[in-house]
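Scroll down for the structure; my scribbles are underneath it.
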């Protein structure tokens, strides 16, 4: 399924597929659609086309979806440089890699602090699928964490990727996890068993959000794993 089509369908209610098209309740604000009046399909010249059979205006439908014509018209690679997300442009993109440095998935950060996650998908035109289904979940900066664990170096757990980078600038080794799996859960977020390290899980930690201290050391409220 193309990105634009998937994006539109994800924002609709009462979606039902009928062969090569979908029917859903029209999202136009002035249309109290109690039946599925909106038809949606792949276009021949555009990624997605739709029509309300109660004759709602195209712009009213887009407004109800919270989208613009550009969002559903242009191929993704022409819209952006890889920073497009379903929640707006990413202002930062964090790679989660395996022990060999191969990327498994990415976490994107938007201006309004949404964190959509995506995995590589060569079958899609965009090259991405916006979920982590079936993906091995690992700690952020895994190769560095394995090396630090093997050397007996203190590893700090941060609240997010941005905080990991701040700790690294302070000279520390740090990691975090991709939400929604918390560090205290039983989710299989692990380092590499082949490297002889133990899973890092169940660690109580709290990172101070104030990382602007001039001491050059990690914040005092950060709890390390040693």
Distance in nm between residue 39 and residue 17 label points, each 7 Å along Cα→Cβ, equals 1.8
Rounded to the nearest 0.05, FRET efficiency between residue 57 and residue 89 (Cβ-Cβ, R0 30 Å) equals 0.65
PRE zone check, label point 7 Å out along Cα-to-Cβ of residue 125, amide N under 18 Å, scope the range 22-51, hits 22, 40-51
Percent of all Cα-Cα pairs per 5 Å bin for the range 63-164, counting from 0 up to the last occupied bin, reads 2, 11, 18, 21, 19, 11, 8, 5, 3, 1, 1, 0
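Could you calculate the contour length gain from residue 98 to residue 111, that is, 0.36 nm times the residue separation minus the distance between their Cα atoms, to one decimal place in nm?
Net length gain for the segment: 1.9 nm.
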Kirkwood Rh over alpha-carbon pairs of the range 82-129 plugged into Stokes-Einstein at 25 °C, 0.890 mPa s gives a D in µm²/s of 220
Computed over the range 3-74, the convex hull of the Cα set has an average projected area, in nm², of 4.4
Quick calc: nm separation of the 7 Å Cα→Cβ label points for residue 150 and residue 137 -> 2.6
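Only the coordinates and a few stated rules stand behind these numbers; no lab work does. This is a predicted model, so every value here is computed, not measured. All Cβ positions, even for glycine, are placed from backbone atoms using ideal geometry, and neighbour counts span all protein chains on display.
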